[in-house]
1. Search region 429-458 for residues being on the phi > 0 side of the Ramachandran plot and part of a loop (DSSP other than H, G, I, E, B), and hand back the single one that is surrounded by the most Cβ atoms within 10 Å (Cβ to Cβ).
2. Taking region 404-444 as the search range and keeping residues that are within 12 Å of the ligand (Cβ to nearest atom) and at pLDDT 90 or above, which one is farthest from Asp540 (Cα to Cα)?
3. Out of region 118-128, which residues are in a helix (DSSP H, G or I), buried (at least 17 other Cβ atoms within 10 Å of the Cβ) and without any contact (Cβ under 8 Å) to a residue 40 or more places away in the chain?
4. Restricting attention to region 171-186, and to residues there that are of a type in the set (Gly, Ala, Ser) and open to solvent by 60 Å² or more (accessible area, probe 1.4 Å), which single residue is nearest to the chain's Cα centre (by Cα)?
5. Would you mention how many residues in region 459-508 are open to solvent by less than 20 Å² (accessible area, probe 1.4 Å), in contact with a Phe, Trp or Tyr (Cβ under 8 Å, 6 or more places away or on another chain), modelled with pLDDT under 90 and of a type outside the set (Phe, Trp, Tyr)?
6. Please work out which one of (1) assigned to a strand (DSSP E or B); (2) open to solvent by less than 20 Å² (accessible area, probe 1.4 Å) is the condition Lys534 fails and give its number.
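The values are calculated or read from the model by the stated rules, or taken from the named source; none is laboratory data. The structure presented is a predicted model; accordingly, all values stated were derived computationally and were not measured. Virtual Cβ from ideal backbone geometry, glycine too; neighbours counted across all protein chains shown. Heads up: the accessible areas ignore ligands, DNA and RNA and are worked out on the full protein's heavy atoms, side chains in. Shrake-Rupley method; radii C 1.70, N 1.55, O 1.52, S 1.80 Å.
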Amino acid sequence: MRRWSELAERIAATSRTSEKVGLLADYLASLSPDELPIAAVFLTGRPLPETDRRSAGLGWATIATTVTTLAGVSRPALGQAYDRSSDLGVAVMDVLADAGHRPDPGRAPSLADVAAAYAAVEAAGGPARKGERFAELLARCDPLTAKYVVKVLSGDLRIGLRDGHLEAAIAAAFGRDPEAVAWAGMLTGDLAETARLARDGRLAEARLTLFRPITCMLATPAADAAEVVARMTPPVWVEDKYDGIRAQLHKEGARVRLYSRDRNDVSDAFPEVVAAAAGLPWDGILDGELLGWRDGTVLPFQSLQARLGRKRPSAALLAEVPVIFVAFDALALGPGGGAPVKPLLRRPLHERRARLEALGLDATPGFGLAALDRAGDAAALDAIFDAARERGNEGLMIKDPGSTYAPGRRGIAWLKLKRPLATLDCVVVGVETGHGRRHGVLSDWTFAVRDDRPGAPDGRLVTISKAYSGLTDAELAEMTRWFEAHTVSQHGRYRVVEPTVVVELAFDVVMASPRHASGFALRFPRIVRIRDDKPAAEADTVGAVAAIHARLAAGGRGSE
Ligand code: AMP
């Protein structure tokens, strides 16, 4: 694990893709058959394989307790170390180094030891037992190794490595065609498995596996219709952007499962959709949106929220907020009856759509088909946008009809157009108690976006705004408890919190401002909703903010 950690340091230290890939390829080629899949899993920034839906389930609080006990330092000391780097792994390394933590090199953990320890953490019941398993591992790690053991465990690797780099390195390490590696990665959804197949020369054996969710294709935000037609040659394909929950439906005979955007199985929360799909005469994988729907109209997202987080909804709730699956893509299809399912990921969108339309979902109870239109210019797009809003939808998704399905990529083959003025998905990095009626609740929040400026370290968050949260008292009480349990350090009234809560912010204007690290500030920011479905790694960027700022400035709308 020490060697893996040194490699991670070297990858983090270079911004040149060719150098990252070269370092990785040499490393991967040097590993034993047993080590290769483990190293690959850790390089994806996960403690357990991608296809393993378990999670280690060790929170920041337990990690902090383990580290402070081991190093014999106080919790505020770890908090201060965190404040210097905003990185838990670096903070752990620093406090262990300062405490002179020098374990016996003879007991240094191998990759297999670390993998076994992560599995033991996962299997242990309750934070205390999980903490004990983690402490056993950490006691054997030198500070640098501890940094990466913590980063991988907390799913926060941040060394500037994309899955694409890893695929390129796997191809180079074993002398395989990069296209074949990428395709195998797409089909298996598992880079460890892909590395194994590449090493053994068996890439052609990679198969798409039903009930193993594929990473979702993502969209790039566009500010307005003019930007859309500037980026994508018209006529463009335009679908309504439904304001629901992204879901991938897998079906084989009567077996049906639904997976969320972060690839969790959410089937039990939507029994009516599962039941409606079970009897349909095809097998395959559809991409779509779960949507609150009654008597032919869309229910607002707020009512759907009542269904979120309910593992098994009551009959009353099912009746109150009925849900349908609105399909917008077909990722794999077969005729059913045990016949094989064919992957469609590399077929152009117009062909995937034709296959989808042939399923007749618009006339199937419990289902819908995304409304599709075509626009030749910005004016036509604006008209379709208004009609989509009229139908109760959030905006538009603009798609290149010739594009393939690119899992996990935020390319320009899909653009999204939301409200007239875009909202921003920001990460809550700090909270403060409010005044007056809000005394005692953590009601004032500080928001950050991801720093994508050249030279910025991978995953750095920079502040953009501070606002009173504007949530209901009940929501605020719940969030206050959460933030108290996930405070990393405290400075008077201000708490630095675990940067994992993503909120969608509306605002009036973006201004250039030296007050915030992003270089921008939002005027009148308001929380539209908490994005439980979005990880911090998918929050908006300084680049996206700058684009909105430039557009507002061009439009002369009161920006500095
Ligand atoms: P956002 O969550 O704002 O980044 O926008 C992307 C999300 O829009 C996707 O993850 C889907 O959940 C949702 N969405 C709604 N309608 C569509 C559609 N027609 N095509 C693709 N995604 C859609």
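1. Initial filter on region 429-458 (on the phi > 0 side of the Ramachandran plot): 436, 440, 455.
With the extra rule that they be part of a loop (DSSP other than H, G, I, E, B), the set shrinks to 440, 455.
Details: Gly440: 10, Gly455: 6.
The selected residue is Gly440.
2. Tyr405
3. Selection gives Ala120 alone.
4. Looking only at region 171-186, we keep the residues that are of a type in the set (Gly, Ala, Ser), and these are 171-173, 175, 180, 182, 184-185.
Those still in the list that are open to solvent by 60 Å² or more (accessible area, probe 1.4 Å) too: 172, 175.
Values: Ala172: 28, Gly175: 31 Å.
Of everything passing the filter in region 171-186, Ala172 is nearest to the chain's Cα centre (by Cα).
5. Looking only at that region, the number is 2.
6. Every condition holds for Lys534 apart from (1).
Every residue, every condition in (1) among the polar types (S, T, N, Q); (2) closer than 30 Å to Arg347 by Cα, yes or no:
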| site | (1), (2) |
| --- | --- |
| Val274 | no, yes |
| Leu280 | no, yes |
| Leu286 | no, yes |
| Leu290 | no, yes |
| Ser303 | yes, no |
| Arg310 | no, no |
| Ile324 | no, yes |
| Asp329 | no, yes |
| Ala332 | no, yes |
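Condition check ((1) open to solvent by 10 Å² or more (accessible area, probe 1.4 Å); (2) part of a loop (DSSP other than H, G, I, E, B)) across all residues:
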{"site": "Ile285", "(1), (2)": "no, no"}
{"site": "Leu308", "(1), (2)": "yes, yes"}
{"site": "Ala316", "(1), (2)": "yes, no"}
{"site": "Phe325", "(1), (2)": "no, no"}
